[in-house]
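The values are calculated or read from the model by the stated rules, or taken from the named source; none is laboratory data. This is a predicted model, so every value here is computed, not measured. Please note: Cβ atoms are built from the backbone with ideal geometry, for glycine as well, and neighbour counts cover all protein chains shown.
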Amino acid sequence: MELRRIRPEEHSAAGEVCVAAYDPLLGGAEDDYRRRLRDVAARDAQAEVWVAVEERRLLGVVTYCPPGSPWREIGRDDEGEFRMLAVDPAARGRGAGTALARLCEDRAREHGATGMALSSLATMSSAHRVYARLGYERDPGRDWSPVPGVDLLAFSKSF
């Protein structure tokens, strides 16, 4: 499996992977979020989009939000943050999500961070298991709601 920055010609495919991964967890009210998931080009211009690829097949995608990125939501000044970690449902269980999360941790360390923060829907239990294996803990003091009816759980980890 190769981990690398996304290429512009992969933006559309990465957006579809994001929607495929998140769609079963989203209700009808989150159509705006589906548009944001598909808009990988915007994230790539304002953050760092990374992909896991195997034999030209896109297995997963994540948005790492470096210091100063408008995509940061809950990360403190001394923390990294990543968002929209998604693995193609057909590629789950192959380690792409874990590899992409670790890559984000490496990027955060390169930026001088001493920890990492992220938000997740309560229904994303398989992602929560990945985060727990990587040493993340629930950080309920940072739970938040971007829009009414969408409650996000916060997770953090110190390096």
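Details
- Residue list for segment 77-96, restricted to those being touching a residue at least 40 places away in the same chain (Cβ under 8 Å) and either within 12 Å of residue 1 (Cβ to Cβ) or out of contact with any Ser or Thr (no Cβ under 9 Å at 6 or more places or on another chain) (or both): 86, 87, 88, 89, 94, 95, 96
- Here residue 35 clears all of (1) surrounded by 16 or more Cβ atoms within 10 Å (Cβ to Cβ); (2) in a helix (DSSP H, G or I) except the condition numbered (1).
- Condition met for residue 25 (out of contact with any Gly (no Cβ under 9 Å at 6 or more places or on another chain) and more than 17 Å from residue 125 (Cα to Cα)): no
- Some residue of segment 117-127 being more than 16 Å from residue 60 (Cα to Cα), over 12 Å from the mean Cα position of the chain (by Cα) and touching a residue at least 12 places away in the same chain (Cβ under 8 Å): yes
- Residue that is farthest from residue 77 (Cα to Cα) [pool: residues in segment 116-159 that are among the hydroxyl-bearing types (Ser, Thr, Tyr) and in a loop (DSSP other than H, G, I, E, B)]: 123
- Out of 45, 101, 113, sole residue that is without any contact (Cβ under 8 Å) to a residue 40 or more places away in the chain and either surrounded by 19 or more Cβ atoms within 10 Å (Cβ to Cβ) or assigned to a strand (DSSP E or B) (or both): 101
- Of the candidates 143, 78, 139, the single residue that is touching a Leu at 6+ places or on another chain (Cβ under 6 Å), surrounded by fewer than 21 Cβ atoms within 10 Å (Cβ to Cβ), at pLDDT 95 or above and farther than 24 Å from residue 12 by Cβ is 143.
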